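Everything below concerns the one structure shown next.
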Amino acid sequence: MAATTPKLSIPTELKHRILFTLAMLAVYRIGVAVRVPGVDPEAVMGFFQQQSGGIFGLFNTFTGGALEKFSVFALGIMPYISASIIFQLLQAAIPYFESLKKEGESGRKKLNQYTRYSTVLLSIVQGYAMSSWLASSSYDGQPLVVTPFFGPVPFLVVTIFTLTAGACFIMWIGEQITERGVGNGASLIIFAGIAAAIPSGAASLLQLVQKGEMNFLLALVIVAGMILSIAAIVLIETGQRRIQVQYSQRGQGKQAMQAPASHLPLKINFANVIPPIFASSLLMFPATLAQFTSAPWVEKLQQSFMPTGSLYNVIFIALVVFFCFFYTEIVFNPTEVADNLKKYGGFVPGVRAGKSTADYIKRVLDRLTVTGAVYLSLICIVPTLLVQKMNLPFFFSGTSLLILVGVALDTTQQIQSHLITAKYDGVMKGVKSRSRRVQY
C-alpha cells in the first residue's frame, strides 16, 4: 500500500496575515504609480534617470521607483526610519525617553506617537527641499513643473502636503503590516520596492548583451557574483555561535552527576539588516539636501556623498559598525541572560556563574558583532564599487541585495514560528488537563 504524503495545512490566522500583508504591499505599489500633480511626467522621468548613478539611484531603489516617477510616495519609508533612529538614540542618551521605554505598553505608545510626529516634521522638510528644487530645475530646456499654481495655491504648498501625506500613509501601512501581517512592515516595504526593480534590471542586462554593448562572459560573471553573494548572505545570516550550557540536577549517587546539556545560540550577525538600512537612511538626508544648492563647496560635498564616493563609504562603514553594536546592545543583555541562567541552575562549563558568565557572553558577543560589522560593510560596499568600475547603466548595490535576502529570511522565520505555534496549540487542544490536589 503506497504511503500518502501529508498535506501542508496553513492555519487560518496565518493565511489572513499573509493575505493582509500582500494586500497592503499591493496598495503601496499602486500608490507608487500615482504622480504628484503639476509636473511633466516625461521630463521628470528623464531627469531622474539621468541622475540614476548617484544618491538618487539609491534613494529611487529604496522607494521602489517612486522618486523617478515623482509619485505621492516619492519620500518612501525613509522619514519614518530616520525618526525611529532618532528616538532609539534618544532612549540611550536622555533619561526621560529611557524611562518611557521601561514603562511598558504605555511608554511604547508615547514613543510611537513621538516618532509619528517626527516623521511628519521630517517629511515636511524633505518635501520642501525636493519641491523647491524641482520647481527650479529643467530637463533638455523643458521645465519639470508645468503648473506653478493651482488657483491661488502655489505648487510648492501642494507638493509639500502631497508628499507628507504619502509618507504618513506609508508609515501607517508599515505599522499595520507589523501588527496584523507577517514580518516587519518598514523592512517589507523597502523589500517590495527593491524587488519591483529586479525585472527591469534583468531586462536591461539582457538588452546590453543582445546589442553587443556588454560581453556575455561579463554578464555571466555579474549573475554568478550575485548568486555567490546571496549564498554568502544566507550562510552568515543563519550562522550561529553556540555557547554550551549545562543545568544542575538534584539527585543522589549517579543521578546527581547527570546534567542535561543545552546551548545558548548567538547569531553571527545579530543586528540583521538594521545597520545598513539605518546608515543609508541617515546618509540620504544630507546627501539629498546637498543636491538643492549650486554652491561650489556643496557640489564637492555632493560628489563625495555619492555611493561610490570615498567620504560616503567611510561614513557608511562607521555608521554600520556603530549601529551593529548599538542595536545588539538594545536587544540582547548579557547580564540579564547570565542572571536567568543562574536562577534556573544553568552554567557555562568552566565559567563561574553570575558576573563571570555575563563577561564571557559579552566577550563572545563583541567578537561576533565585529565579524558581523565587517561582513555587512563588505557586502554593502564591494558590489557597488565593482558595478561602478564596470560602468553598468543601471544602479545596483550590495545593500539592496542584503535587504532582499535578509528580509526574506526574517519573514520566513516568522512564518515558521506561526506554524509551530499553531501546531502546538492544535496538540494542546486534544489534551485534557486535570487538577492534581495533594491529599493528606
Output the residue which, of all residues in the range 211-240 that are over 21 Å from the mean Cα position of the chain (by Cα) and of a type in the set (Gly, Ala, Ser), is farthest from Asp410 (Cα to Cα).
Gly212
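Restricting to the range 34-67, count the residues that are farther than 18 Å from Phe191 by Cα and modelled with pLDDT of 75 or more.
15
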Of everything in the range 13-36, what is among the basic types (Lys, Arg) and either in contact with a strand residue (DSSP E or B) (Cβ under 9 Å, 6 or more places away or on another chain) or in contact (Cβ under 8 Å) with a residue 24 or more places away in the chain (or both)? Give them in sequence order.
Arg17, Arg29, Arg35
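Please pick out the residue among Leu14, Leu8, Leu19 that is at pLDDT below 90 and within 24 Å of the chain's Cα centre (by Cα).
Leu14
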With the checklist (1) touching a Pro at 6+ places or on another chain (Cβ under 9 Å); (2) at pLDDT below 70; (3) part of a helix (DSSP H, G or I) in hand, flag the one item Phe395 doesn't pass.
(3)
Only one of (1) hydrophobic (A, V, I, L, M, F, W, C); (2) modelled with pLDDT of 85 or more; (3) assigned to a helix (DSSP H, G or I); (4) buried (at least 16 other Cβ atoms within 10 Å of the Cβ) fails for Leu220. Which number is that?
(4)
Quick one: is Val120 under 28 Å from Val320 (Cα atoms) and touching a Cys at 6+ places or on another chain (Cβ under 7 Å)?
yes
Within the range 138-160, work out how many residues are surrounded by 15 or more Cβ atoms within 10 Å (Cβ to Cβ), more than 20 Å from Phe73 (Cα to Cα) and of a type in the set (Ser, Thr, Tyr).
1
Would you confirm, using the coordinates I've provided, whether Gly183 is crowded, with 17+ Cβ neighbours inside 10 Å and more than 29 Å from Gln50 (Cα to Cα)?
yes
Check on Val157, modelled with pLDDT of 90 or more and farther than 27 Å from Leu401 by Cβ
yes
Filter the range 307-343 for residues that are among the aliphatic types (A, V, I, L, M) and closer than 15 Å to Asp359 by Cα; which is surrounded by the fewest Cβ atoms within 10 Å (Cβ to Cβ)?
Val337
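The values are calculated or read from the model by the stated rules, or taken from the named source; none is laboratory data. Here the structure is a predicted model, which means the values were calculated and not measured. Methodologically, a virtual Cβ is constructed for each residue, glycine included, from the backbone with ideal geometry; neighbour enumeration extends over all protein chains shown.
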